[in-house]
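Step one of this worksheet: look at the structure below.
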Amino acid sequence: MRTLSFSHDGRMLASAASEDLIIDIAEVDSGEKITEITCEAPTFTVAWHPKRPVLAFACDDRDTYDRNRDAGTVKVFGLPSDNS
């Protein structure tokens with residue numbers, strides 16, 4: 001296991017292994033998988049928002065034009081959609 005994080009209310013656990021290209025999100029009480037996030041590179045870290053079910057994560061992304069250079073991107077999962 002490379003990284004894991006509990007949601008603000010302790011109900012969900014996000015975890016990512018260094019060899020897999022997915023982040024698993026599971027219910028803590030039952031261990032049941034809620035969803036998974038597919039990533040294009042191994043995940044370095046995951047962190048939940050302190051008050052909302054929003055997950056930020058950073059992967060070992062590489063620059064599109066120079067594969068030897070880190071891209072340094074942070075991605076967010078779980079933002080509510082804007083239906084206005």
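Here are a few things to note about the model shown:
- Rough spin-label spacing in nm, given labels placed 7 Å along Cα→Cβ, for E40 and R52: 2.5
- The modelled label-to-label distance between D9 and F77, using points 7 Å beyond Cα along the C-beta direction, is 1.9 nm.
- Annotation: per residue accessible area for the range 8-63 equals 58 Å², rounded to a whole number [probe 1.4 Å, protein chains only].
The values are calculated or read from the model by the stated rules, or taken from the named source; none is laboratory data. The model shown is predicted, which means the values in this text are computed figures rather than measured ones. Positions of Cβ are generated from backbone atoms using ideal geometry, with glycine treated the same way; all protein chains shown enter the neighbour counts. Calculation scope for accessible area: heavy atoms of the full protein, side chains included, ligands and nucleic acids excluded. Shrake-Rupley method; radii C 1.70, N 1.55, O 1.52, S 1.80 Å.
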